[in-house]
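S.K.: Let me begin by handing over the structure; questions about it come next.
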Amino acid sequence: MRAETPRTPRYSIIVAAYNVENLISDCLASLLSQQVDDYEIIIVNDGSTDGTLNVIQTFADVSRITLIDKSNGGLSDARNAGIDQSRGDYLMFVDGDDWIEPNTLLCLEKTLKQKPECDLLVFGFYEVHGKTRYPRPHVADFWKMTNSACNKLFARSLFGDDRFDRGIWYEDLAIVPALFARARQPTTVNELLYNYRRDRPTSIMNTVDFDRVYDLPIAAMRCIDRIQHDEATGRIVPMAQHLGENWKNRFLTVEIFIPGVLHRSRSITDRATRRRYIAEMMRRFPKRTDIRLDIVNKRYGRKMALGAALYRCGFDHIAHFILHDMGAIRCWAQTLLRSLTGAKRAR
């Protein structure tokens, strides 16, 4: 008798796991508790050096689970290995230290039955800090959604031969907005389905390494390159038709300048280090004239917009003074005044 060909699952859940031995069981338990049957789980152990692989192997008898055990190559490499092994029509990505709600696939399936032409679904998530979960709703909007691959369901066709970029940080930024641009009808699922653990000190998002932020311009430009390639080949209509002529400037402002220059620099307390960091970020920024002052002003007000304008024009030292040094001087003066007032009262 001819062996039956395994039925192709509708959904493939790809789990990248690295040194999460205390958390991977909760992750896999949440995946196995789904209220639909038509899915597979691809677990990629990305060269863990703790007991992660041993924990995963305790689930080895579950037929819907496939284990890939490979040497460490990073998050993108792990996800790509999972994509290449997967068979589902739709792909979902889960990090090994996170978990999903038990009704996740059921909610996604209901949406696809209502709108079968959808090829990308966006849903909300919880940010988890200890025992507290903070709701983070998200909508299928190019500008309003997070770039994370983990709160989305992708039709396999959106990827084609494309894969996550290896060897850079912010790998989601490099591809997720481009996948969104390819989608024929991206749709919002009004449910909070993913639990994103933000309290693990060794996670990528909680590891402070300012050198990593230098990859922001690389990731953003690779995303733009993907979109422009899709435009040139006719895969998508020109983005300017529905996002405006200056969409690239807005994208670079929102994805590089605001998080990389305005936000991240505030966490650097040493003045000289902060100035060196900003100088390097501005050197890597494609063109200073790409900075959209109206976007900065709308989000953060006139002071930040003034600082952005000074960076745009090359007056970095004045921008530093307005955005960073003035606040430090004000705090110093207030502290001095309180100490002098206290000394006067003591007499």
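The values are calculated or read from the model by the stated rules, or taken from the named source; none is laboratory data. Given the structure is predicted, the values throughout are model-derived calculations rather than measurements. Note: ideal-geometry Cβ built from the backbone for every residue, glycine included; neighbour counts use all protein chains shown. Side chains are part of the model used for accessible areas, which takes the heavy atoms of the whole protein and leaves out ligands, DNA and RNA. Shrake-Rupley method; radii C 1.70, N 1.55, O 1.52, S 1.80 Å.
S.K.: Which condition number does Tyr134 fail, the rest of (1) loosely packed, with under 15 Cβ neighbours inside 10 Å; (2) out of contact with any Asp or Glu (no Cβ under 6 Å at 6 or more places or on another chain) being met?
M.R.: Every condition holds for Tyr134 apart from (2).
S.K.: Given the structure, is Arg235 at pLDDT 95 or above, more than 30 Å from Pro102 (Cα to Cα), outside any helix (DSSP H, G or I) and not acidic (Asp, Glu)?
M.R.: yes
S.K.: Could you name every one of the strands (runs of 3 or more DSSP E) located completely within the range 1-109 that has at least 1 residues being touching a residue at least 40 places away in the same chain (Cβ under 8 Å), in contact with a Cys (Cβ under 6 Å, 6 or more places away or on another chain) and crowded, with 16+ Cβ neighbours inside 10 Å?
M.R.: Counting at least 1 such residues, we get 90-95.
S.K.: I'd like the full set of residues that are crowded, with 20+ Cβ neighbours inside 10 Å and more than 16 Å from Thr289 (Cα to Cα), limited to the range 251-261.
M.R.: Correct list: Gly260 only.
S.K.: Kindly indicate whether Ile204 is at pLDDT 95 or above and β-branched (Val, Ile, Thr).
M.R.: no
S.K.: Can you spot a residue in the range 151-167 that is more than 30 Å from Gln35 (Cβ to Cβ) and assigned to a helix (DSSP H, G or I)?
M.R.: No.
S.K.: Applying the selection to the range 210-222, what residues are open to solvent by 60 Å² or more (accessible area, probe 1.4 Å) and either among the charged types (D, E, K, R) or at pLDDT below 95 (or both)?
M.R.: Answer for the range 210-222, where residues must be open to solvent by 60 Å² or more (accessible area, probe 1.4 Å) and either among the charged types (D, E, K, R) or at pLDDT below 95 (or both): Asp211, Arg222.
S.K.: Mind checking which residues of the range 276-303 are in a helix (DSSP H, G or I) and within 14 Å of Arg264 (Cβ to Cβ)?
M.R.: Answer for the range 276-303, where residues must be in a helix (DSSP H, G or I) and within 14 Å of Arg264 (Cβ to Cβ): Arg276, Tyr277, Ile278, Ala279, Glu280, Met281, Met282, Arg284.
S.K.: Hey, another quick one. If I filter the range 209-225 for residues that are without any contact (Cβ under 8 Å) to a residue 12 or more places away in the chain and under 22 Å from Glu245 (Cα atoms), do I get at least one hit?
M.R.: yes
S.K.: For the range 265-292: of the residues being closer than 16 Å to Asp209 by Cβ and among the aliphatic types (A, V, I, L, M), which is nearest to the chain's Cα centre (by Cα)?
M.R.: Looking at the filtered set, the residue picked out is Met281.
S.K.: Name the single residue that is nearest to Leu173 (Cα to Cα) among those in the range 110-119 being touching a Ser or Thr at 6+ places or on another chain (Cβ under 7 Å) and surrounded by 16 or more Cβ atoms within 10 Å (Cβ to Cβ).
M.R.: Among residues in the range 110-119 that are touching a Ser or Thr at 6+ places or on another chain (Cβ under 7 Å) and surrounded by 16 or more Cβ atoms within 10 Å (Cβ to Cβ), the one nearest to Leu173 (Cα to Cα) is Asp119.
S.K.: Please work out if Lys248 is at pLDDT 95 or above and open to solvent by 50 Å² or more (accessible area, probe 1.4 Å).
M.R.: yes
S.K.: What are the residue pairs meeting all of these: first residue in the range 178-197, first residue open to solvent by 40 Å² or more (accessible area, probe 1.4 Å) and at pLDDT 95 or above, second residue in a strand (DSSP E or B) and of a type in the set (Ser, Thr, Tyr), Cβ atoms under 7 Å, and 6 or more apart or on different chains?
M.R.: Close Cβ pairs satisfying both conditions: Leu192/Tyr126; Tyr196/Tyr126.
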